[in-house]
Amino acid sequence: MFTPEERARIRADLLERSSREPRVSGAAITGSAAAQREDAFSDIDLAFGIEPAGALPDVMADWTRYLYQEHNALHHLDVRSGPWIYRVFLLASTLQVDLAFVPAMEFRARAATFRLVHGIAQPDQHKAPPTPADIIGLGWLYALHARSSIARQRFWQAEYMIRGVRDHALALACIRHGLPSSEGRGLDKLPRDVIASFEATLVRRIDREDLMRAFQAALGRLLDEARALDRELAGRLEPVLRELAQLPSARESTGP
């Protein structure tokens, strides 16, 4: 396990190297360190603008060699978002190092967690968070596949799809309580009674009976959260979604 001191030393080394790299037009600290929220398990998040844009593949290859040779990287993968390429490294110490590369004309803050260290950045252009309607849409999409997976007796696939329904219902709960909704960042800050209401959505056995129980619970939570954020959309979807999991109507489930 890496130490905070080791993480700080590696980050300082990478930033110092970027200051000497003529093809790096700007460098920034991103993620938890930019927001001063680091803890013992935080990773390294850095972003680099590259000029000229055509040099980006060579720059990434150079940095990749450096991470393997000087910092004992074991593996890496790329995550793309528009013109940004996030090269994510796993070091032998279990430290994760995320290096984001983008042409200089697109190098800018996409979120509040961006602190320019040197060079030039374009005006901020924060990425819009998903809307409740988007999340509700993904929730009913997972629900459709949960229904068909159970019917086809593809029980492990069904468990995966039920998780998708639950995860999107939880994301809606986070939005309702003013918490981050992506990647589970706000889940542990939800009120205890809200978290408790999701316990029934957990699959305990891989068989049809328990999958249906968890599916019904997850779909019920999705509808409740959708209703709290977009009553009109939830009202349109509710009859169909209740039919999917053989749920009683809202009146039957709540009484007169």
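All of the numbers you see were taken from the coordinates with simple rules; none came from a lab. Remember, predicted model here, so these are calculated numbers, not experimental data. Cβ sites come from the backbone with ideal geometry, for glycine too, and all protein chains shown count toward neighbours.
Relative contact order for the range 19-87 using alpha-carbon pairs under 8 Å, separation at least 6, rounded to a whole percent?
That works out to 25 percent.
Only helices at least 18 Å long along their own axis, judged from Cα atoms, and with Kyte-Doolittle mean hydropathy of 0.0 or greater: name those in the chain from DSSP H.
Taking the DSSP H segments of the chain (at least 18 Å long, mean hydropathy at least 0.0), we get 132-151, 155-176.
Suppose we take every Cα in the range 1-155 and form the convex hull; what volume per residue is that in Å³? Show your work: numbers first, answer last.
On the way: hull volume 24.7 nm³, N = 155.
Taking only Cα atoms, the range 1-155 has a hull volume of 159 Å³ per residue.
Among 70, 5, which comes first, then next, by fewest other beta-carbon atoms within 10 Å?
Least to most surrounded, the residues fall as 5, 70.
Arrange 1, 105, 161, 212 by Cβ neighbour counts within 10 Å, fewest through most, would you?
If I rank by nearby Cβ atoms, fewest first, I get 1, 105, 212, 161.
Assuming R0 = 22 Å, what is the FRET efficiency of residue 238 and residue 157, from their Cβ-Cβ distance, to the nearest 0.05? Provide the component values of the computation, followed by the final result.
On the way: r = 25 Å, r/R0 = 1.15.
Plugging the Cβ-Cβ distance into 1/(1 + (r/R0)^6) gives 0.30.
How much length is gained if the chain between residue 84 and residue 199 is pulled fully straight, taking 0.36 nm per residue apart and subtracting their Cα-Cα distance, in nm to one decimal?
Details: separation 115, 0.36 × 115 = 41.40 nm, distance 3.75 nm.
Going from the current span to full extension adds 37.7 nm.
Could you tell me the relative contact order of the range 132-254? Use alpha-carbon pairs under 8 Å, at least six residues apart, and round to a whole percent.
The normalised contact order for the range 132-254 reaches 28 percent.
If contacts are Cα pairs under 8 angstrom and at least 6 residues apart, what is the relative contact order of the range 4-119 in percent?
33 percent
Roughly speaking, what is the centre-to-centre gap between the range 52-107 and the range 159-186 when only Cα atoms are used, to the nearest Å?
Computed from Cα coordinates, the inter-centre distance equals 29 Å.
If you take the beta carbon distance between residue 64 and residue 207 as r and set R0 to 45 Å, what does 1/(1 + (r/R0)^6) give as a FRET efficiency, to the nearest 0.05?
After rounding to 0.05, the efficiency reads 0.45.
Using a Förster radius of 51 Å, what is the FRET efficiency between residue 224 and residue 8 based on their Cβ-Cβ separation? Nearest 0.05, please.
Using R0 = 51 Å, I get an efficiency of 0.70.
Order by neighbour count: 210, 43, fewest other Cβ atoms within 10 Å first, most last.
Least to most surrounded, the residues fall as 210, 43.
Say the dipole of the chain comes from +1 at the beta carbon of Lys and Arg and -1 at that of Asp and Glu; which of 153, 69, 100 then lies farthest toward its positive end?
It is 153, whose Cα lies furthest towards the positive end.
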